Amino acid sequence: MQAGVGQAIMSEQSSALKGTPNGSGGRREPGGVAAGVSLDDNFVQIVDVVKKFGETTAVRGVNLSVKKGELFALLGSSGCGKSTLLRMLAGLESVTEGQILIDGEDLAKMPPYTRPVNMMFQSYALFPHMSVESNVAFGLKQEGVRGGELKERVHKALELVQMAQYAKRKPHQLSGGQQQRVALARSLVKRPKLLLLDEPMSALDKQIRQRTQIELVNILDQVGVTCIMVTHDQEEAMTMANRLAVMSEGRIVQLGTPHEVYEYPNSRFSAGFIGSTNLFDGTVVEDEPDHVFVETPDLPVRMYVNHGITGPLGMPVTISVRPERIALMRKPPEGAYNWGRGKVSNIAYMGGYTLYHVTLDSGKVVVANVSSLALGEIDSPTFDDEVYVRWSASAGVVLTS
Ligand SMILES: Nc1ncnc2c1ncn2[C@@H]1O[C@H](COP(=O)(O)OP(=O)(O)OP(=O)(O)O)[C@@H](O)[C@H]1O
Ligand SMILES: [Mg+2]
C-alpha cells in the first residue's frame with residue numbers, strides 16, 4: 001500500500017487510489033464476509049438517526065451499517081455532522097431520533113462504562129504533566145486494572161505503536177506524530193470492540209501524516225478492531241478506508257468503496273468532493289439502453305457515454321470526466337465525439353505527472369493529468385500552445401443530481 005505522493009498544488013488529486021483502489025492493503029475486503037445479512041455485516045447499525053441541537057439539525061436521518069473488522073471513513077466538509085455522528089456512536093451525545101446498535105445491542109440501553117467503544121478526539125490532548133506510560137495507563141486504572149496486568153497491557157499497547165522506548169517521556173518531549181501514536185495506544189489499550197477516530201491526523205503535517213496513515217492501517221489490522229474514522233481529507237479516506245460515506249448537511253450522499261465512489265460518483269457533490277474532476281453541463285439528445293449522447297455548449301462536438309441513463313430527452317445532466325482520463329493531443333482527433341480544442345493556460349508539474357489546464361474555444365477550462373511518458377510523445381506542450389483534449393466513451397459518468 002502506498003500513500004499519496006507529496007502534492008504541493010491541488011491536493012485533491014488522489015494519485016494513491018490508482019495503485020490501491022480499495023485502499024487499506026491487507027485488511028479484510030468488504031466482500032469477504034459471507035453473503036446474506038449476519039451480525040458481522042451489521043456490527044454497527046445506525047438506524048434513522050437524527051440529532052438536533054435546539055434549532056440546528058446536525059444529523060438528518062442517517063442509515064448506515066459497518067462490518068466487523070472494517071475501517072470505515074466518514075468524509076465531508078466542515079459542519080456536515082461528522083463529529084456529531086461519532087459522538088453519538090461513542091454515547092457522548094444522545095440520539096434525538098432513531099437507534100444505534102453495536103454488536104446487536106442498543107447503545108442507549110448500555111450503561112456508559114460497559115459500552116465497548118473508545119473514541120479518540122479531534123484534539124487528542126494528552127495529559128501534559130503525565131509520562132507517556134501514565135497517559136496510556138490512565139483509563140485502565142480508572143477501570144480498576146492494577147499491578148502486573150496494568151504494566152503488561154500498557155507495555156503491549158506502547159509496543160504496538162512503537163513507542164515503548166519513550167514510556168518515561170512527557171508529551172512535550174515528543175514529536176507530533178509520536179504524540180498521535182501515544183493517543184492511539186491510549187485508545188487501544190482498553191481493547192474496544194469499536195474504535196472511533198475523529199480527525200486522528202489533524203495535528204500532523206503532510207509528510208508525517210502520510211507515513212502515519214500507513215502505520216495506523218497496519219496497527220488496526222493487527223488488532224483487528226472495527227474502526228470508524230472521521231476526516232475531511234479525501235485523500236486520507238481513499239488511502240485508508242475499506243468503505244466510506246460522503247456526508248453533506250447532515251446526510252449521507254454516497255456510500256461505497258473508495259474505488260466505487262471515485263469511479264462512479266452519484267452526484268456533482270461526490271464527484272467534486274472525492275478527487276478533482278471536469279464537469280460538463282449539457283442536455284440529453286439521445287438515450288439508448290447502452291449509451292447516451294449529450295449536447296454541451298462547452299465542446300464543438302457531442303459527448304458520448306457508453307452507458308444509458310433513465311430520464312427524458314432534453315433532460316439537463318452533468319458529465320464528469322476525471323483528469324487522468326483526458327488525453328492531450330497536438331493534432332485534431334478523428335472521432336466525432338468527446339473532444340475539444342483550446343490553448344494551454346496553466347501547467348503544474350507534479351513529479352510523476354503534469355496537470356495541464358486547457359482553456360477551450362468555448363472558454364471552458366479542462367484539466368488533464370498527463371503522465372511523463374505521454375508528455376514525451378506529444379513533445380511537452382507549453383503555455384499558449386494549441387492542443388486538443390479527448391477522452392473515450394467509457395471515461396464519462398453521467399450525473400443527474
Ligand atoms: N453542542 C452543540 N450545540 C449546538 N450546535 C452544535 C453542537 N455541536 C455541533 N453543533 C452544530 O452541528 C453541526 C455539525 O457539527 P459537527 O461538529 O458534527 O461538524 P463536523 O462535520 O465534525 O465539522 P468539522 O469538520 O468542522 O469538525 C454544525 O452546524 C455545528 O455548529
Ligand atoms: Mg468535527
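The values are calculated or read from the model by the stated rules, or taken from the named source; none is laboratory data. What you are looking at is a predicted structure, and each value in this text was computed from that prediction instead of being measured. Cβ: placed from backbone, ideal geometry, glycine included. Neighbour counts: every protein chain shown.
Details
- The residue list Gln210, Gln234, Gln178, Gln173 contains one member that is under 13 Å from the mean Cα position of the chain (by Cα) and of a type outside the set (Lys, Arg), which is Gln234.
- Looking across segment 277-311, just one residue is surrounded by fewer than 19 Cβ atoms within 10 Å (Cβ to Cβ) and in contact with a helix residue (DSSP H, G or I) (Cβ under 8 Å, 6 or more places away or on another chain), and that is Leu279.
- Conditions (1) of a type in the set (A, V, I, L, M); (2) in the same structural domain as Leu373 (by TED's automatic domain parsing); (3) buried (at least 20 other Cβ atoms within 10 Å of the Cβ); number of the one not met by Ala336: (3)
- Count of residues meeting criterion [more than 14 Å from ligand 2 (Cβ to nearest atom) and of a type in the set (A, V, I, L, M, F, W, C)] in segment 54-92: 5
- Candidates Val136, Val95, filtered to the one that is modelled with pLDDT of 95 or more, in a loop (DSSP other than H, G, I, E, B), away from ligand 2 (no atom under 16 Å from the Cβ) and surrounded by 15 or more Cβ atoms within 10 Å (Cβ to Cβ): Val95
- The single residue among Met201, Met229 that is buried (at least 22 other Cβ atoms within 10 Å of the Cβ), within 19 Å of the chain's Cα centre (by Cα) and not in a loop (DSSP other than H, G, I, E, B) turns out to be Met229.
- Of everything in segment 56-82 that is within 12 Å of ligand 1 (Cβ to nearest atom) and surrounded by fewer than 21 Cβ atoms within 10 Å (Cβ to Cβ), the residue that is farthest from Phe273 (Cα to Cα) is Thr56.
- So Leu158, is it under 24 Å from the mean Cα position of the chain (by Cα), crowded, with 18+ Cβ neighbours inside 10 Å and either away from ligand 2 (no atom under 16 Å from the Cβ) or assigned to a helix (DSSP H, G or I) (or both): no
- Gly250 meets the conditions (1) away from ligand 1 (no atom under 16 Å from the Cβ); (2) among the small types (Gly, Ala, Ser); (3) touching a Cys at 6+ places or on another chain (Cβ under 8 Å) in every case but one. The failed one is (1).
- With respect to the conditions (1) in contact (Cβ under 8 Å) with a residue 40 or more places away in the chain; (2) touching an Asp or Glu at 6+ places or on another chain (Cβ under 6 Å); (3) over 29 Å from Gly76 (Cβ atoms), Arg302 falls short on a single one, namely (1).
- Segment 344-372: number of residues that are surrounded by 18 or more Cβ atoms within 10 Å (Cβ to Cβ) and of a type in the set (Ser, Thr, Tyr): 3
- Every test in (1) away from ligand 2 (no atom under 16 Å from the Cβ); (2) more than 17 Å from the chain's Cα centre (by Cα); (3) at pLDDT 95 or above is passed by Glu105 save one, and that test is (3).
- Condition check for Met329: modelled with pLDDT under 95 and of a type in the set (A, V, I, L, M): no
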